[in-house]
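What follows is a short report on a single structure.
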Amino acid sequence: MTAGQRRLFIALELPGAARSALAGWAAEAVGAIAGVRLVAEADLHVTLAFLGWRPADDVPAAERIVAGLGG
């Protein structure tokens with residue numbers, strides 16, 4: 001990564017109930033294992049495509065593409 005780059009990905013936001021259920025499962029399944037860092041419940045999502053580190057100037061184009069997908 002260099003200055004001016006952003007880590008870009010396309011993701012689906014999960015419904016609150018799904019995030020809560022997943023966070024509870026993770027805490028129960030692996031939360032007590034030393035060295036394991038769980039993702040915060042508010043940050044849980046489904047990544048569809050990881051675009052990698054991209055120039056910040058690529059963000060508007062990525063937003064337009066995703067907006068054009070509909071749904």
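The values are calculated or read from the model by the stated rules, or taken from the named source; none is laboratory data. The model shown is predicted, which means the values in this text are computed figures rather than measured ones. Cβ sites come from the backbone with ideal geometry, for glycine too, and all protein chains shown count toward neighbours. Only protein heavy atoms, including side chains, enter the accessible area calculation; ligands, DNA and RNA are left aside. Shrake-Rupley method; radii C 1.70, N 1.55, O 1.52, S 1.80 Å.
Roll a 1.4 angstrom probe over the protein heavy atoms and tell me the percent of accessible area of the chain that is carbon or sulfur. Exposed carbon and sulfur together represent 59 percent of the surface.
Solvent-accessible surface of the chain, averaged per residue with a 1.4 angstrom probe and all protein chains in place: 78 square angstrom. Expressed as a whole percent, the proportion of Cα-Cα pairs in the range 7-71 lying more than 16 Å apart is 59%. Please compute P(r) over all alpha-carbon pairs of the range 1-45, binned at 5 Å starting from zero, and give each bin as a whole-number percent. For the range 1-45, the binned pair fractions read 5, 19, 21, 16, 15, 13, 8, 3 percent.
Quick one: dipole size for the chain, taken about the Cα centre, charges +1 on Lys/Arg Cβ and -1 on Asp/Glu Cβ, in debye to the nearest 20. About 140 debye.
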